[in-house]
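Only the coordinates and a few stated rules stand behind these numbers; no lab work does. Being a predicted model, the structure only gives us computed values, none of them experimental. A quick note on method: Cβ atoms are made from the backbone with ideal geometry, for glycine too, and the neighbour counts reach across all protein chains shown.
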Amino acid sequence: MRLRRRGRSSRPGARSLVLRADRPHPSGPPSWTVLTGPGPVHRIDVSVGPAGAGTRVTVAIATTGRLWLGSDRRRLTATARLLLGLIDSTARAPRLVVAAAITRTGPGRAELLVGRCRSGEWELPGGKVEPRESEAEALRREIDEELGVRIVVGGRVGEPVDLGDGLQLRALAAHLEDGEPDPQAREHTALRWIAADELQALPWRAADRDWVPALTEMLTVT
């Protein structure tokens, strides 16, 4: 991101600020690094937290001296608001929904756990990632709430699915922890363990159907 104050300057580039945003976790805010810019600016700190029904983004600019904007308070305020708005648009992490591809090895075959929705369609269980949660943490929490069991979370299955309205659905492989009881249908009307040859004929929810080839491969290899 590049910010530049309009007007002339006797020092080339002195009125530009170039920032880089790195997001260590998809569900968290980015960290900001000053790549080039006025000498006094040496650090940008961004923190994100809840604020009523929305999100509060706080930006702190650390300097070693007077900013390149001089003593013009109005211009400083306007530029600070611009910076806050631009960082705000990137600090808000994409909203994620995670689903668990829970498998087990049955007699002579691998099986996948699916849940039936009230609409009669079937899906992988899961839910939304809350702020400050990793995908794995969110999935463990959701499965404990929905099925009453603890799981071990593995890697990604298939490609993310765009749900619209800023939501993205991702599937992660998983299996029950040792000694866990049978999952309970707390939020679904029914649960089933199915094999690879049953996946294609199942009436899936539209978003989950995109994973059928990847799920088939996973069950065939397992």
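Per-residue Cβ neighbour counts within 10 Å put Ser134, Ser119 in the sequence Ser119, Ser134, beginning with the fewest. Highest mean first, the peptides 122-130, 158-166 sorted by other C-beta atoms within 10 Å per residue fall in the order 122-130, 158-166. With the convex hull drawn around the C-alpha atoms of the stretch 95-221, the volume per residue stands at 104 Å³.
Between Val152 and Arg192, residue separation times 0.36 nm minus the direct Cα-Cα distance comes to 12.5 nm.
Packing order of peptides 140-149, 184-193, highest average first: 140-149, 184-193 (average count of other Cβ atoms within 10 Å over each peptide's residues).
Fully extending the segment from Leu163 to Arg109, taken as 0.36 nm per residue of separation minus the present Cα-Cα distance, adds 16.2 nm.
Which order, highest average first, do 200-211, 97-108 follow once you tally other Cβ atoms within 10 Å for each residue and take the mean per peptide? Before the final figure, lay out each step's value.
Values: 200-211: 15.7, 97-108: 18.3.
Highest to lowest by the protection proxy: 97-108, 200-211.
The amide H of Leu163, built 1.01 Å from its N in the peptide plane, has Gln168, Leu169 as neighbours under 5 Å, considering only residues 5 or more places off or on other chains.
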